[in-house]
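*Asks:* The structure's right below; bear with me while I get my questions together.
The values are calculated or read from the model by the stated rules, or taken from the named source; none is laboratory data. All of these numbers come straight from a predicted model, not from anything done at the bench. Backbone-built Cβ (ideal geometry, glycine too); neighbour counts: all protein chains shown. Ligands, DNA and RNA are stripped out before the accessible areas are found, and what is left, the full protein with its side chains, is counted by its heavy atoms. Shrake-Rupley method; radii C 1.70, N 1.55, O 1.52, S 1.80 Å.
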Amino acid sequence: MVYENAFYVLLPVLLVITAVAYIMSEYDVMHPFTVVSAVMTISTAVAMLGIPEWHFYMGIDAVLLITISVLVFGAASLWIDAVTKNRAAVNNGKNLCIGQYSVDRKYLCLFAVVIIGFTCLQFQETYNMVHKISKSITYSNFMYFARQGMVAGKFKYGRWLSYEMVILLSLSCSCLFVALSNFISCAGQNSVKERILLNIKYLIIPVLCLPAFFLETGRENFLNLLLFTMVTAAVLVQKKYGFSLQSKYTVLRVASFACAAFLILFLCFGFIRSRSGNPDFLRSLIAYMGSPIPELSYFVDTHAFLENQYIGGTTLFGIYSNLKSLGFALPKPVLFLEFSYIHQTFGTNVYTMLRRYIADYGYVGTCLIMAIMGIVYTAAYNYIRFYAKSFWHMIVYGCLVSPLFLAMYDERFLMFIINTTTIYKMAVIYLVCRLFIRREVAPS
């Protein structure tokens, strides 16, 4: 029996949903509903580029799953908008958390010393672990083998690395916020060059963190910095210009350019790490951004759902890890999913965020989680735009927004947001903002 490829149904449906989300959010490209619908649409469009070579297939069951999940998220998101957003809140929000901030040079030097020290320790630890695999590994190729060893489970970093990443990301985002707020709030008063020169000392801190993020062997912290910059800048620009329609168009243009630039750097980084001699950007684009959609369809069509006495075996990674460290006899949490080959020459182990939800909680549970995410993220987004008086709240939101943008890739909300690391991150951001960042000028 020949089955029609439902990709040609899914893409138009998602395009319509994204257009509705964009309009209903008052043309806000960073609104949670717009983000989730847009990334699923983009992933679907990219996946279709792989149909000629890899024969990607989408079943109708997966189409219904994706469509219903996005709509449930959107319905919850729009409901929260109706509850929390009004003209008084918009007028009040444009004067909150925007202005000029500063960090003393001595504190910036302290941050730099801490970052460099952490990076040196991490480099030595990574090299020592990889060198145990083979004595022939050199400084020029050890990052490739480090990643392979991490994925294969041959070694792993100690818990100290998680604390290090919390500190480095918190320092990076805090200093980025200072630079962004200063740059945007002074628009119209100083030239672009003058604003860059005045704030370049704050940008040095996130730049110094990049080698440590590279040594981690993953790419998510690079993405976290980009997303933080995009979301925070979008909110500050909207505040600066009173949430006008023109400010939202400006955000759309800048975000589109930033995503394109980051995508190129992201793919180049992958080639450097894998030492690929014949890079094919289109194939890599399809592999990273498009393949999770057909993989989800393959999983839905072939997976046998079995009873499991442990709930959340693939999503509650942080909770299970903490309980195991306390001595509870629990199964090892699943971080890397199994590989599956939807084509004999193409395999991957990412299935969008929905795969883990289905496996752990079923279809009803998946819809419930999507509704919860829609409520939580939209409430938080409107809070930092219209109600937050403490600027560190905006920094926290920017640090925790990645699950929305990675919806088309893998689950991050329950795995990496609902855990103790988030509490540590909030605490470090609060301390950095409280102790080291000073607000200089508030808008009149």
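*Asks:* Out of everything in the stretch 193-236 that is among the acidic types (Asp, Glu) and in a helix (DSSP H, G or I), what residue ends up being nearest to the chain's Cα centre (by Cα)?
*Replies:* Filtering the stretch 193-236 for residues that are among the acidic types (Asp, Glu) and in a helix (DSSP H, G or I), the one nearest to the chain's Cα centre (by Cα) comes out as Glu220.
*Asks:* Any residue in the stretch 310-325 that is outside any helix (DSSP H, G or I) sitting within a Cβ distance under 7 Å of a residue that is loosely packed, with under 14 Cβ neighbours inside 10 Å and not hydroxyl-bearing (Ser, Thr, Tyr)? List the pairs, counting only those 6 or more apart or interchain.
*Replies:* Tyr310/Pro331; Gly313/Pro331
*Asks:* Can you tell me which residues in the stretch 92-119 are assigned to a helix (DSSP H, G or I) and either in contact (Cβ under 8 Å) with a residue 40 or more places away in the chain or among the aromatic types (Phe, Trp, Tyr) (or both)?
*Replies:* The answer is Asn92, Gly93, Arg105, Tyr107, Leu108, Phe111, Ala112, Val114, Ile115, Ile116, Phe118, Thr119.
*Asks:* Restricting the search to the stretch 394-409, which residues are open to solvent by less than 10 Å² (accessible area, probe 1.4 Å) and under 15 Å from Thr315 (Cβ atoms)?
*Replies:* Pro403, Ala407
*Asks:* Separate question: How about the stretch 14-47: which of its residues are outside any helix (DSSP H, G or I) and either open to solvent by 10 Å² or more (accessible area, probe 1.4 Å) or under 18 Å from Ala258 (Cα atoms) (or both)?
*Replies:* Glu26, Tyr27, Asp28, Val29, Met30, His31 - these are the residues of the stretch 14-47 that are outside any helix (DSSP H, G or I) and either open to solvent by 10 Å² or more (accessible area, probe 1.4 Å) or under 18 Å from Ala258 (Cα atoms) (or both).
*Asks:* Same structure, new question: Which residues, taken from the stretch 178-200, are open to solvent by 60 Å² or more (accessible area, probe 1.4 Å) and among the charged types (D, E, K, R)? Explain how you work it out, then say what you get.
*Replies:* The first filter runs over the stretch 178-200 and keeps only residues open to solvent by 60 Å² or more (accessible area, probe 1.4 Å), leaving 183, 188-189, 192-194, 196-198, 200.
Within the stretch 178-200, Lys193, Glu194 meet the criteria.
*Asks:* Please specify each residue of the stretch 375-393 satisfying the condition of being open to solvent by less than 30 Å² (accessible area, probe 1.4 Å) and part of a helix (DSSP H, G or I). Reasoning before the result, please.
*Replies:* Within the stretch 375-393, the subset open to solvent by less than 30 Å² (accessible area, probe 1.4 Å) is 377-378, 381-382, 384-386, 388.
Residues satisfying the conditions are Tyr377, Thr378, Tyr381, Asn382, Ile384, Arg385, Phe386.
*Asks:* Looking at Leu354 and the list (1) of a type in the set (A, V, I, L, M); (2) modelled with pLDDT of 75 or more; (3) open to solvent by 10 Å² or more (accessible area, probe 1.4 Å), which single condition is not satisfied?
*Replies:* Going through the list (1) of a type in the set (A, V, I, L, M); (2) modelled with pLDDT of 75 or more; (3) open to solvent by 10 Å² or more (accessible area, probe 1.4 Å), Leu354 breaks only (3).
*Asks:* From the list Phe243, Phe222, pick out the single residue that is open to solvent by 40 Å² or more (accessible area, probe 1.4 Å) and under 22 Å from Val36 (Cβ atoms).
*Replies:* Result of the check over Phe243, Phe222: Phe222.
*Asks:* Still on this model: Restricting attention to the stretch 73-91, which residues are over 16 Å from Ala380 (Cβ atoms), open to solvent by less than 50 Å² (accessible area, probe 1.4 Å) and either free of Cβ contacts under 8 Å to residues at least 12 places away in the same chain or in contact with a Ser or Thr (Cβ under 7 Å, 6 or more places away or on another chain) (or both)?
*Replies:* Of everything in the stretch 73-91, just one residue is over 16 Å from Ala380 (Cβ atoms), open to solvent by less than 50 Å² (accessible area, probe 1.4 Å) and either free of Cβ contacts under 8 Å to residues at least 12 places away in the same chain or in contact with a Ser or Thr (Cβ under 7 Å, 6 or more places away or on another chain) (or both), namely Gly74.
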